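First the structure, in the form of structure tokens, and then the observations on it.
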Amino acid sequence: MSAFTSSRTRPTATLTESITSQGGARRHKRPYDTDVTRLLPRWLLITVIAVIIAFIAVPVLYILFGSVNSDVAVARGEYFPTEFTLANYVNIWSTVALGTGLLNSILTAGAVAVASAALAVSTAYVLVRFRFLGRLTFLRGLLALQSIPGTLLLLPVFVVFSNIASATGVQIIGTRWGLFVTYLTFALPFSTWVMVTYLRGLPKELEEAARIDGASSTKILTKIVLPLSWPGIVVSAIFAFLLGWNDVLFSTIMTTPNTRTVAVVLQVLGTAQEGGAVPIYGQMMAASIVCAAPVVALYLVFQRYLVGGLTAGSVK
Amino acid sequence: MTATQTRPPAATDRPVRPHGKTPLYKKERPLWMLLPGGILMLAVIVVPLLVGVFIAMLDLDQYTLRQWFSAPFVGFANFAEAITDSPLLHSIWISASLAVLVTAVTVPIGVAAAISTQNRFPGRGLVRSIYLIPYVLPAFVVGTFFRTMLQPQGVVNAIFHTDVLWLNGSASYWALAAVMVWTSWPFVYLLSLAGLQAVDLEVHEAASLDGATWWIKLRYVIFPYLRGPLSLAVIIAILHNINNFTLPFVLFGIPLPSSVEVMPVLTYIASFQSFRFGLSAAMAICSLVIVAIPLFVYLRAVQLDTGDDARPSRGQRRLQRQQTGAAA
């Protein structure tokens, strides 16, 4: 499943190896990896890597530098900080309700991650292991739903939710539940698709053995499929989490000041700066880092799974 | 008959079928497990989609929103207004040209990045992690700090000693394109990486024995392997770029400069700034037609099933033919 792990498995006996093995010790000194498969000459390789890393690092370091610089200095267009201050990291919590935003985002996106992984694994299990009428239609539908733009659905979802509110008296818009249901549904097609590609790779034999021993489908799912598919579940949960965390479209419309996610709070901070006389760019950079930190941490911890899951979700 | 009578009573409860007729996996199908996810997707995606089509034919504003089904029915008037009397066609042009331009620029960057990390070297893992940073950062964060960098007094103008208004006027188009390139190229990189894994060692050896230089080898041996994954990457990237709402919204704020008035933000403004809900829904449906072209190609190219009853789709077969034909 992982694009990275497959590079480790190499054919055992190859032409190069059989040639170099006649030379005895040379084989160990020069692994074929650096020889025949080399794609770029050394100078070009270094140039390409250096250029791309600079392309990435210049803006990324700018946020880091800006967050420890004074507001006025960032507004002047300074790249390297002339003075070092951590005041921005202290002030952001009182300038806007960043703490509330973080809490809302963690609650909503976290709940979405758990629920979507649970639903995705059971849905994918049925789609992969059983044959039934409409199965291919369901799979095709998942792909189609995954590609429907959110802007197309924003207004209708808003209308449907506000009608449910006026019909039943249950307020949905402005609550965390409304966001939860929306994000969960939008995360499901992709999460399910990731699980489908993952479960396909699992051997059937264990489940068949369990079935012969008399286990029910539910039992097989919880006792056999679940323990085996943790990597896939983690990937689909994280993608669902990111969907909730990164969304701006729905959260600008469907939240009140109390239920705002961190993405909206950052926008509020941006507009607060435009109204006031003193620019608070330094604080904006600090708040950006606070917003990005959980996502980057998740990515660093689960990097291997995520990369493979992303490629599998779109290629296969 | 004697055999049936001697059978233990427990066994008669279950009819014993001749073996081989019903495979084990067909006996108990927990199809109910599809229900929770299926119902959610039906209720929050499919039903609103149909509601959206209906709203597009209503003259709906903030006063009639609560009783939207009793709003005046105007047929295709909203569509006519969207096409003839709104910035929709202008936005479609901007969105589509941005998507194609950005994707075209990201492909060489992504391929170069993938090729540069294909061979092992000390620190390769670190380089690969760094490559994904622009993709991992949330779009609203990327928009926020580029907005700061692109301010008239900001760091971009300070470094280049220029005085360009990046967030207003015609330069904003190029500013948006550049930021979109910055965040989206790692996706092409990821899919190219997957394509490069498919190159066998024997192919490298053959190229090496034939004395191919690095460029000849890349051009005629390696690139053909990337054609399949790259076509997929291009389609998905175009789809994502057309639908990108967050980046222009955060980078420029509302109202957008007219040269970056992209489709998603235009429909957003029509409904939640000017409260022309019917018009906005009509715009969204018109824009879906544009999205439908890459979407259709994508759905044809994706392999739905690798099970026993799998049949490669037409697009899949074409991709395979291209790959094998080019590799041969």
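The numbers here are math on the coordinates, done by the rules we state, and not lab data. Given the structure is predicted, the values throughout are model-derived calculations rather than measurements. Positions of Cβ are backbone-derived with ideal geometry, glycine not excepted, and every protein chain shown enters the neighbour counts.
Worth pointing out:
- Shape index of the stretch B:169-271: Rg/Rh, with Rg the Cα radius of gyration and Rh the Kirkwood radius from the inverse mean 1/r over Cα pairs, equals 1.20.
- Rounded Å value of the spacing that divides the Cα centres of the stretch A:207-245 and the stretch B:231-288: 37 Å
- Ratio of Rg to Rh over the stretch B:76-197 (Cα coordinates, Kirkwood Rh, two decimals): 1.09
- Between B:ILE83 and B:VAL47, the C-beta separation translates, for a Förster distance of 25 Å, into a calculated FRET efficiency of about 0.40.
- In order along the stretch B:209-223, the Karplus-derived 3J(HN,Hα) couplings, from 6.51 cos²θ - 1.76 cosθ + 1.60 at θ = phi - 60°, round to 5, 6, x, 5, 6, 4, 6, 4, 5, 4, 5, 9, 10, 7, 4 Hz, and Gly and Pro are given as x.
- Burial ordering of A:ILE233, A:ILE172, A:ILE164, fewest other beta-carbon atoms within 10 Å first: A:ILE164, A:ILE172, A:ILE233
- Where a label projected 7 Å from the Cα of A:ALA144 along Cα→Cβ would reach, residues of the stretch B:42-64 with amide N under 16 Å: B:42-53
- Pairwise label distance in nanometres, B:LEU31 with A:VAL296, each label 7 Å out on the Cα-Cβ vector: 5.0 nm
- Relative contact order (%) - criterion: Cα under 8 Å, at least six apart; region: the stretch A:95-315: 36 percent
- Cβ-based exposure ranking for A:VAL160, B:VAL289, in which fewest neighbours within 10 Å come first: B:VAL289, A:VAL160
- Per-q log10 I(q)/I(0), the stretch B:87-327, q = 0.12, 0.16 Å⁻¹ (Debye; single scatterer per alpha-carbon; no solvent): -0.82, -1.19
- Applying 1/(1 + (r/R0)^6) with r as the Cβ-Cβ distance of B:ASP200 and B:LEU101 and R0 = 45 angstrom yields a FRET efficiency of 0.80.
- Between B:ASN119 and A:GLU208, the modelled labels are 4.6 nm apart [label points 7 Å from Cα along Cα→Cβ].
- Among A:180-191, B:158-169, the order from most to least packed when residues are scored by Cβ within 10 Å on average: A:180-191, B:158-169
- When B:PHE187, B:PHE121 are arranged by Cβ crowding within 10 Å, least crowded first, meaning fewest neighbours, the order is B:PHE121, B:PHE187.
- Based on Cα contacts under 8 Å between residues 6+ apart, the stretch B:87-327 shows a relative contact order of 27 percent.
- The calculated P(r) of the stretch B:42-141, using every Cα pair and 5 Å bins from 0, goes 2, 9, 10, 12, 12, 11, 9, 9, 8, 7, 6, 4, 2, 0 in percent.
- Using R0 = 25 Å, the C-beta based FRET efficiency linking B:TRP215 and A:ALA57 works out to 0.35.
- Its Cα gyration tensor gives the stretch A:95-315 an equivalent ellipsoid. The semi-axes, each the square root of 5 times an eigenvalue, are 37, 21, 14 Å from largest down.
- The stretch A:95-315, dipole about Cα centre (Lys/Arg Cβ +1, Asp/Glu Cβ -1), debye to the nearest 20: 520 debye
- Computed label-point distance, nm, for sites B:ALA178 and B:TRP93 using a 7 Å Cα→Cβ extension: 2.4 nm
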